[in-house]
Amino acid sequence: MTDKERWAARTATGIKLRRQSRVLEVAFDDGQCYELPFEYLRVYSPSAEVRGHGPGQETLQLGKHAVQVGKVEPIGNYAVRLVFDDGHDTGLYTWGYLYELGETRAAKWQHYLDRLQQLGINYPTQVAHRKA
C-alpha cells in the first residue's frame with residue numbers, strides 16, 4: 001500500500017479549532033492526532049489558487065504568518081472547508097490530505113522554508129499590501 005492509499009484510508013474522528021494557539025487539532029481513527037498550524041494549512045491549501053492546475057503552476061504563499069481560521073465547515077463525511085481571515089476559503093481538506101499534512105509536516109515545512117531561502121525571501125514573510 002502506498003502512502004497516498006494509506007492516507008486516503010484515514011477518517012477524522014475529531015477536529016478542534018484552537019484559535020489562541022493558531023492550530024487545527026485533528027484526531028484520526030488510527031489513534032494519530034496532529035496539530036496543524038494555520039499558516040501551514042494556508043501555505044499548503046489544496047485549492048487551485050495555491051496548487052495551480054498542474055505541476056509547476058503552484059503559487060508560493062507569502063505573508064501568512066498571522067493568518068487565522070475563522071470557521072471549519074464540514075463537507076459530507078470526507079472533508080472540511082477552512083475559512084481563513086485573509087478571505088481564502090477554497091479547496092477542500094479531505095481526511096486523507098489532513099493526515100498527509102500531519103505525517104509529512106516537518107518535511108513539507110522545510111521545503112517551504114528552503115524555497116523561500118532560494119528566492120532570497122526572509123521568514124516570516126511580509127504581508128503584501130494591495131494597491132488601492
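The values are calculated or read from the model by the stated rules, or taken from the named source; none is laboratory data. Note that the coordinates shown come from a computational prediction; the quantities given were computed from them, not determined experimentally. Cβ: placed from backbone, ideal geometry, glycine included. Neighbour counts: every protein chain shown.
Within segment 1-56, being surrounded by 19 or more Cβ atoms within 10 Å (Cβ to Cβ), small (Gly, Ala, Ser) and touching a helix residue (DSSP H, G or I) at 6+ places or on another chain (Cβ under 7 Å) holds for one residue alone: Ala12. Can you spot a residue in segment 42-62 that is in contact with a Pro (Cβ under 9 Å, 6 or more places away or on another chain), of a type outside the set (A, V, I, L, M) and at pLDDT 95 or above? No - not one qualifying residue is present in segment 42-62.
To keep it simple, each residue is scored yes or no on (1) closer than 14 Å to Ile15 by Cα; (2) hydroxyl-bearing (Ser, Thr, Tyr); (3) surrounded by 12 or more Cβ atoms within 10 Å (Cβ to Cβ); (4) modelled with pLDDT of 95 or more.
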{"site": "Leu82", "(1), (2), (3), (4)": "yes, no, yes, yes"}
{"site": "Thr94", "(1), (2), (3), (4)": "yes, yes, yes, yes"}
{"site": "Leu98", "(1), (2), (3), (4)": "yes, no, yes, yes"}
{"site": "Asn122", "(1), (2), (3), (4)": "no, no, no, no"}
{"site": "Lys131", "(1), (2), (3), (4)": "no, no, no, no"}
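Per the conditions (1) at pLDDT 95 or above; (2) more than 15 Å from the chain's Cα centre (by Cα), the sole criterion not satisfied by Ala8 is (1). From the list Thr90, Thr125, the lone residue that is among the β-branched types (Val, Ile, Thr), touching a Leu at 6+ places or on another chain (Cβ under 6 Å) and assigned to a loop (DSSP other than H, G, I, E, B) is Thr125. Here Pro74 fulfils each of the conditions (1) modelled with pLDDT of 95 or more; (2) under 15 Å from the mean Cα position of the chain (by Cα); (3) surrounded by fewer than 13 Cβ atoms within 10 Å (Cβ to Cβ) apart from (2). Could you tell me which numbered condition Val23 fails, if it satisfies all but one of (1) of a type in the set (A, V, I, L, M); (2) out of contact with any Asp or Glu (no Cβ under 6 Å at 6 or more places or on another chain); (3) closer than 30 Å to Gln118 by Cβ? Val23 satisfies all of (1) of a type in the set (A, V, I, L, M); (2) out of contact with any Asp or Glu (no Cβ under 6 Å at 6 or more places or on another chain); (3) closer than 30 Å to Gln118 by Cβ except (2). Pairs linking a residue in segment 53-75 that is among the basic types (Lys, Arg) to a residue that is assigned to a strand (DSSP E or B), with Cβ atoms under 7 Å and 6 or more positions apart or on different chains, are Lys71/Val83.
Which residues, counting only those in segment 15-24, are in a strand (DSSP E or B) and more than 15 Å from Ala79 (Cβ to Cβ)?
Selection gives Lys16, Leu17, Arg18, Val23.
Looking at the structure I just gave you, is Thr104 more than 19 Å from Arg18 (Cβ to Cβ), modelled with pLDDT of 95 or more and surrounded by fewer than 16 Cβ atoms within 10 Å (Cβ to Cβ)?
Values: more than 19 Å from Arg18 (Cβ to Cβ): yes; modelled with pLDDT of 95 or more: yes; surrounded by fewer than 16 Cβ atoms within 10 Å (Cβ to Cβ): yes.
Against the criterion (more than 19 Å from Arg18 (Cβ to Cβ), modelled with pLDDT of 95 or more and surrounded by fewer than 16 Cβ atoms within 10 Å (Cβ to Cβ)), Thr104 qualifies.
Residue-by-condition table, conditions (1) in contact with a Leu (Cβ under 8 Å, 6 or more places away or on another chain); (2) at negative phi; (3) not charged (D, E, K, R):
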site	(1), (2), (3)
Val26	yes, yes, yes
Asp30	no, yes, no
Tyr40	yes, yes, yes
Val43	no, yes, yes
Val50	no, yes, yes
Gln57	no, yes, yes
Lys64	no, yes, no
Ile75	yes, yes, yes
